[in-house]
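Comments concern the structure below.
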Amino acid sequence: MLTEFDQNTIANITAALEYVCRKIPADKDSHEMRKRIADAMVACGRDGKRTLVDFQNAGMKALESVRRLQAGLQSF
């Protein structure tokens, strides 16, 4: 999956993923959460946005989206 990216882009994705995953609350951390964040970053890279900040923004947006979804489900 990441073979389409150069080493610099992969390094940016890796650093951004580490940054965003540190923002996940311990009780919400899961493989699925991390995968969703990583998938958002890969999609960002495929769209041509490949800076560290681009990947961090994409990851934070995915994290916030999941948080809102989970908060909405808890209100039932």
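The table below lists the values:
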{"read-out": "Directionally averaged shadow of the chain, computed from the convex hull of its alpha-carbon atoms, nm²", "value": "5.0"}
{"read-out": "The chain: relative contact order in percent, alpha carbon pairs under 8 Å with at least 6 residues between", "value": "37"}
{"read-out": "The range 53-67 - phi-based ³J(HN,Hα) in whole Hz, Karplus 6.51/-1.76/1.60, Gly and Pro as x", "value": "5, 4, 5, 5, 4, 5, x, 5, 5, 5, 4, 5, 4, 5, 4"}
{"read-out": "Percent carbon-and-sulfur accessible area, the chain, ignoring ligands, DNA and RNA, probe 1.4 Å", "value": "54"}
{"read-out": "Estimated vicinal HN-Hα couplings, Hz - the range 32-49 in sequence order (Karplus 6.51, -1.76, 1.60; Gly, Pro = x)", "value": "4, 4, 5, 5, 4, 5, 4, 4, 5, 5, 5, 4, 4, x, 5, 7, x, 8"}
{"read-out": "Accessible solvent surface per residue of the chain, calculated while the other protein chains remain in place, 1.4 angstrom probe, Å²", "value": "67"}
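The values are calculated or read from the model by the stated rules, or taken from the named source; none is laboratory data. Because the structure is a prediction, the values reported are computed rather than measured. Just so you know, the surface numbers come from the protein's heavy atoms only, side chains and all, with ligands and any DNA or RNA stripped out. Shrake-Rupley method; radii C 1.70, N 1.55, O 1.52, S 1.80 Å.
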